[in-house]
1. What nm distance separates the two modelled labels at LYS32 and VAL66, each placed 7 Å from Cα along Cα→Cβ?
2. Would you mind checking which residues have amide H under 5 Å from SER20's amide H? H placed 1.01 Å from N; only 5 or more apart, or other chain.
3. With a bin width of 10 angstrom, please list the P(r) values of segment 35-74 as percents of all Cα-Cα pairs, from the 0 bin to the one holding the largest distance.
Amino acid sequence: MSAGRPFRRSIARGRTLVLSAPISDDASPLEKERAARRRLVATTGRCPCGAVLTMPTDLAPGSMTVVNVEHEDGCPAIEDHA
C-alpha cells in the first residue's frame, strides 16, 4: 500500500465505481473484521449479518453519493460495536 493511495478501487459495479479503504496490518482484530465486512458489502452488496447495499438509481454521470447500509445489531461493521 502506498501512502499516496489511501483508498483503492474495490470493484466497478456496472458503471459505478466503489472505493474502499485498505485494511492495515497493524489494526486490531475488530478493526480488521469491520473493514473486511465493509469491503465485502461494497464488492458483493451483502454483509454476513444480512445487511444489503442498495445503490440509488438516480445517479447522474460524474456524480458521487454516499449510501447507508443498515447492519444488524452486534455486527462488527458497526462503528459502535464493542
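1. 2.8
2. Those lying under 5 Å, H to H, from SER20 are ARG8, SER10.
3. P(r) for segment 35-74, in whole percents per bin: 28, 49, 21, 3.
Each value in this text was obtained by applying a stated rule to the coordinates, not by laboratory testing. Source: prediction; values computed, not measured. Don't worry about glycine lacking a Cβ; one is built from the backbone with ideal geometry, like all the others, and counts go over all protein chains shown.
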